[in-house]
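Undergrad: First the structure, which I've put down as structure tokens, then a few questions once you've had a look.
None of the figures in this text is laboratory data; all of them are computed from the coordinates on show. Values in this document were obtained by computation on a predicted structure and should not be read as measured data. Note: ideal-geometry Cβ built from the backbone for every residue, glycine included; neighbour counts use all protein chains shown.
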Amino acid sequence: MRETDVHRLHELMIAKLSENISSEEEQFLDQLIATDLEIRHTWQELKIMLQDANMQQEWIPAATITVMPQRRSTSGLFCMAGFATMIIIGIGLGAWGWWNIHRSSLVQNALSSTQIPPVVRQRQITLQLTNGNIIDLSRSQPALSAGYTRLNNTGQVLSFINNGSYMQPGMNHLNVPPGRSYQLSLSDGTKIWINADTQIDFPFVFTGNTREISIKGEAYLQVATDNNHPFLVHTPHGTVRVLGTRFNVNTYDTSTVKIALVEGAVSFKGHEQTVHLRPGKEAVYTRNRSIQVRSFNADTVLGWRSGKYYFLNTRLSAMMEVLERCYGVAVKIDQPQLAQEPFAGVLDRNKHITVFLNNLRNTGMVNYYFDKDSTLLHIRRS
């Protein structure tokens, strides 16, 4: 089988698992799976490996597939000279790898998940009040005063109550930097789980006919039901309108907004187009394009709440962007061509950063090092 044919088949399988495949491609792949025993075997192995929510650090270099010559077959998309099952075996403490990687020695890192890698500089979680004052929320403080509002900042959760009849107007600005996460409880009972590198503007007290906040980054919201006061979430490229529901907002890509609905109902308006979502559906709006509605994988979209990030056919450059947000590190990929290499696997943010890096290195394609003052992480080809 030509190497390009193998890669194309693997890309189709990953695209199907990530629900990012066209109907024509899916029909073609389904036919291959149904008629070719070896391909069906491979598909089953890949599903087991990538969809196991309990796997820890599992890496598959999408550009390296172990194959054996088999019978010839043809298709309209590409010609196949044969295919063999990708051999996937357990390595070390639950990590996975390819058969050719099994022969290499693995470096296991036993550092505690509570340790901070030397390159990480813990940045402050800050709250800028409407009057311009800035409060450091990085440490638990059970009682803080913000005018007529008393803040409670314990257990990485900010809540507050108003001490008087005065309703302080305006928006407060909450900044959660890379390498950190936080929770926010609003005055109406709405709860927000905030991912790293995210900013939220919110009032201490909602007034008027609507409840409105703004989000830039990623957050999961559990909106308190109030049929008389719709909840509006403003994003850089559109607005989500809800009454009471659970959903995820992702605006990390500066040109894209993703709204994934878990429970209830929401509408999203972007670029003079409005769509209504049902649970299990995601609205994806890219600037100056129409809104797409599609099903989403809950593990992939919501896994960040438990510290898990799932990658399916993901470019190394995109993976490093996630690494920068999760750990607050600066990353440089030394060879530009390497940035485009696709991988599949899982990052567990609860583990030390070197666990991620060592397992990535075990693919045999990538290595890493820190510069002399440990302020920059370099990624290079092995």
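Undergrad: Which trypsin sites (Lys or Arg not before Pro) does segment 319-382 hold that lie in a coil by DSSP with at most 15 other beta carbons within 10 Å? Could the numbers behind the result be given before it?
TA: Details: sites: 325, 332, 349, 351, 361, 372, 380, 381; in loops: 349, 351, 372.
Of the trypsin sites (Lys or Arg not before Pro), the ones in loops of segment 319-382 whose Cβ has at most 15 other Cβ atoms within 10 Å are 372.
Undergrad: For 154, 126, which order do you get if you count the other beta carbons within 10 Å of each Cβ and list the fewest first?
TA: Values: 154 11, 126 16.
Listing 154, 126 from fewest to most nearby Cβ atoms yields 154, 126.
Undergrad: Sort 211-218, 29-36 by the packing proxy (mean of other Cβ within 10 Å over each peptide's residues), most packed first.
TA: Working: 211-218: 20.4, 29-36: 14.9.
Descending packing order for the listed peptides: 211-218, 29-36.
Undergrad: Say R0 is 22 Å: what FRET efficiency, to the nearest 0.05, do residue 131 and residue 162 get from their beta-carbon distance? Intermediate values should be presented prior to the final figure.
TA: Working: r = 16 Å, r/R0 = 0.71.
Working from the Cβ atoms, E equals 0.90.
Undergrad: If the chain between residue 337 and residue 239 were fully stretched, how many nm would it gain, using 0.36 nm times the residue separation less the Cα-Cα distance? Write down the numbers at each step before the final one.
TA: Details: separation 98, 0.36 × 98 = 35.28 nm, distance 3.72 nm.
This chain segment gains 31.6 nm when fully extended.
Undergrad: What's the extension gain from residue 141 to residue 292 if we count 0.36 nm per residue and subtract their Cα-Cα distance? Write out the running numbers ahead of the final one.
TA: Details: separation 151, 0.36 × 151 = 54.36 nm, distance 4.31 nm.
Length gained, residue 141 through residue 292: 50.1 nm.
Undergrad: Among 290, 221, 189, whose Cα lies farthest out toward the positive end of the dipole of segment 126-300, if unit charges sit on the beta carbon of Lys, Arg (+1) and Asp, Glu (-1)?
TA: 290
Undergrad: Run the simple label-point estimate for residue 201 and residue 271 please: 7 Å along Cα→C-beta, distance reported in nm.
TA: A separation of 2.3 nm, rounded to one decimal place.
Undergrad: Also, quick follow-up: Quick one: dipole size for segment 126-300, taken about the Cα centre, charges +1 on Lys/Arg Cβ and -1 on Asp/Glu Cβ, in debye to the nearest 20.
TA: The calculation lands at about 200 debye.
Undergrad: Another question, if that's okay. Rank-order 292-301, 314-323 by packing density, defined as the average count of other C-beta atoms within 10 Å over each peptide's residues, highest first. Don't jump to the answer; show the numbers that get you there.
TA: Numbers: 292-301: 15.2, 314-323: 18.3.
For the peptides 292-301, 314-323, the packing ranking is 314-323, 292-301.
Undergrad: Here's a follow-up. Suppose the Debye formula is applied to equal point scatterers at every Cα of segment 319-365; what is log10 I(q)/I(0) at q = 0.20, 0.23, 0.29 Å⁻¹?
TA: Results for segment 319-365 at q = 0.20, 0.23, 0.29 Å⁻¹ read -0.72, -0.97, -1.42.
Undergrad: Give me the tail of P(r) for segment 126-300 as a percent: Cα-Cα pairs with distance above 30 Å.
TA: 17
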